[in-house]
Structure formats: structure tokens, C-alpha cells
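One structure below.
The values are calculated or read from the model by the stated rules, or taken from the named source; none is laboratory data. What you see is a predicted model, and the numbers here were worked out from it, not measured in a lab. No Cβ is skipped: glycine too gets one built from the backbone with ideal geometry, and neighbour counts run over all protein chains shown. Please note that ligands, DNA and RNA were not included when accessible areas were found on the heavy atoms of the full protein model with its side chains. Shrake-Rupley method; radii C 1.70, N 1.55, O 1.52, S 1.80 Å.
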Amino acid sequence: MKIALSTESACDLTKELIAEYGVNIIPFTVTIGERSDFDGVITGKDLIDYTIKSGKLGRTSAVNVSEYSEYFAKLLKDHDEVVHIALSSGISSACQNAVIASQEFGGKVKVIDSHSLSTGVALLTIYTSKLIKAGKSSEEIVKLVEDRILSNQTSFCFETVEFLYKGGRCSAMARFGANLLKLRPQILMKADTGKMESGKKFRGPVKKWAMDYTEETLKTFNNPDKEVVFITHTIYGEEDLKVVDAIKERLIQEGFKTIYVTLAGATISCHCGPNTLGVLYMNDGDHPIA
């Protein structure tokens, strides 16, 4: 049985990791000003630069039902089945659109609601890839992946709430308070609901709040599967980027085996803005592929 592994561009996997894990990607569409193109062609930095210069937020469009139908049909030409890991249904219509499209294929396309975003989706995708390579059936894969969703530690810390405010995910009062007190808020994905919620607040320059956020994350989610961890960010300044190396060293000290550093793509950057950073991993201890 040949199974195709699929997800959306909002997983923020690099081209190298997409190739390494055999992932098929269907992109969201991003619009900045008069320009519309696929997420990946328009980068996260493109979107952030546009918003800073224009004061206007870019727009992202989830894949629609007909696009999913065409995409799944194409994958099934060379595969017997498809397992698709979708961006959380709690924040996007993409998952429901994929589910509707999958119903055309008589059970050959299985859609998993990740209840996550960005490289939280990537963590589940990598796990799925390993299960496929281990020869698991699609039914086994769906159960094993869904069993891990509640352990998916997906969180980010934001240097600014301006993009959240422009996107309607932050009130004017919360924006005022964050700016006044120079707060760097943490946003967590609730794995049980697939929705975002506020976490701790940090202060200081990026080299301080990013390390404080990392330490808090390791303290709170203290049963990690140390096989894979992501540092995903939208930090572009040369001096500020030094904190990414410092966090990588801290994760090595913590015993993580594989540390992937990725830039958030346009879909995710649309909501987080510049100088955002997340440390993401599965929080369910050692998890060998049996």
C-alpha cells in the first residue's frame, strides 16, 4: 500500500525537510496590496515588510474544496491512499474544506485535524512520515497521530501585538496595555480545542524575553519527546538572530537530538509580525516507532 503524506504550506517546513520526509504540500494564497501568490512564493519577510511600510495587513486564503479535490486526485494517481495533516479547524476553514473534498474518494483520503499551526503541524507530519516508512496502515497512522495531538506543545512569543490587533485577534485595550508596559505576550495553541489563548507575559529586548520564554516553556512542558524540536521565528536582524543560536545551545543542553530552525512563512507571519519566536515539541516523552 503506497501512502502519500500531505499537509499545507502553513506547516512552515523548509524545502530540505519537505524532501527529507517525503511531504506533499498544498499552498495557501497570500495577498499583499495588488499582488497575490502562493505562500512560499510570497515569503514571511515579504508580508512583514509590506505591512510595516503600508500599515495594512496582508491577507491569506485557505485552500478551497475544489482545489483540495484536484490536489487529492493528483496524489492518488501515484498512490493508493493519502494522509493529510490539516491546519487547526479552530483557526482556519482549510481543515473542513479538506474533509469535504476527501469524501469524494471513498475513504482513500484521510484528513487529520492537527489542532495546531506552523511547525506544530510539522511535528505531526514528521511523525506521520516515520509511521509510513515503518509500514503502518493508514488506519493505524490516523489513530497513532491523533493519540499524540493533545501532547503537541505549540507556542510562540510576540515582540509586538500590532499584527494581532490588525487581524482582529487582539483588542484595542490589550494592545494599549502591551505597548504601554512593553509586554511580550506568549500565545499557546490549546490542543484540545485547536484555538489560540494567551499565556505568560515577558519583558525586555529579544535576547532576554526569548530566553525567558524558552526557559518557561521547558519548565511548563517538562516531558518532551527529545527526538525533534523546532525553533520557528520571524527574526531577521543580524544582532537579534544571535538569540536563536543561544536557544539552540540551550536545547542541546536539555538533550534534544534534532533541532530544526525554520522561518515562519507568509500565512503564519500575517498574524505574528516581526521578532516572533516559538520553541515547539511533542510533550509526551520518548516515543519510538514500534
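Against the chain, whose longest principal axis is taken from its Cα atoms, helix 242-254 shows a tilt of about 60°. With a cut-off of 10 Å between beta carbons, the residues surrounding residue 130 carry a summed charge of +1, where Lys and Arg count +1 and Asp and Glu -1.
Computed about the Cα centre, the dipole magnitude for the range 1-118 is approximately 160 debye when only Lys and Arg (+1) and Asp and Glu (-1) carry charge, each at its Cβ. A full extension of the chain between residue 43 and residue 66 corresponds to an added length of 5.8 nm, given 0.36 nm per residue minus the alpha carbon distance.
Starting from the Cα of residue 56, draw a straight line to each of the lysines and keep only those under 17 Å, dropping any in the same chain fewer than 8 residues away. Partners found: 45, 166. In this structure the chain gives 45 Å² per residue of accessible area when probed at 1.4 Å with all protein chains present. When you filter the GluC sites (Glu not before Pro) in the range 1-86 for DSSP loop state and at most 14 other Cβ atoms inside 10 Å of their Cβ, you are left with 34. Measure nothing fancy, just the Cα-based angle from helix 119-133's long axis to the longest principal axis of the chain, in degrees from 0 to 90, nearest 10. Tilt relative to the chain: about 30 degrees. Just so you know, the averaged projected area of the alpha carbon convex hull for the chain sits at 14.5 nm².
Please list 59, 148 in order of solvent-accessible area, largest first, computed with a 1.4 Å probe with all protein chains present.
Greatest to least solvent exposure: 59, 148.
With Cα atoms defining each centre, the range 60-87 and the range 199-241 are spaced 33 Å apart in the structure. In the chain, taking the dipole from charged Cβ atoms about the Cα centre, the farthest positive-side position among 107, 57, 232 is held by 57.
For the range 18-77, the Cα-based Rg and Dmax, in that order, read 14.3, 45 Å. Give, as a single signed number, the net charge of other residues whose beta carbon lies under 9 Å from the beta carbon of residue 213, with Lys and Arg counted +1 and Asp and Glu -1. Taking every Cβ under 9 Å from that of residue 213, the sum is -1. With helices as the sole contributors, the chain gives -11500 deg cm²/dmol at 222 nm; each DSSP H run of n ≥ 4 counts as -39500 (n - 2.57), and the sum is divided by every residue. Computed across the range 177-290, the Kirkwood radius stands at 15.0 Å (inverse of mean 1/r, all Cα pairs).
Pull up the cross-link candidates among the aspartates and glutamates for residue 53, meaning alpha carbon to alpha carbon under 17 Å and not fewer than 8 places away within one chain. Those aspartates and glutamates meeting the cut-off are 34, 162.
Rounded to the nearest 10 degrees, the inclination of helix 206-220 to the longest alpha-carbon principal axis of the chain is 50 degrees.
Summarising the label geometry, the points placed 7 Å from Cα in the beta-carbon direction at residue 201 and residue 219 lie 1.7 nm from one another.
So which chymotrypsin sites (Phe, Trp or Tyr not before Pro) in the range 208-290 pass both tests, a DSSP loop state and at most 15 other Cβ atoms within 10 Å of the Cβ? When the chymotrypsin sites (Phe, Trp or Tyr not before Pro) of the range 208-290 are filtered for loop state and at most 15 Cβ neighbours within 10 Å, 236 remain. Its Cα centre serving as origin, the range 89-146 has a Cβ charge dipole (Lys and Arg +1, Asp and Glu -1) of approximately 220 debye.
Checking the cross-link pairs 110/248; 130/200; 143/219; 77/136 against a 25 Å limit on the alpha carbon distance flags 110/248; 130/200; 143/219 as lying beyond it.
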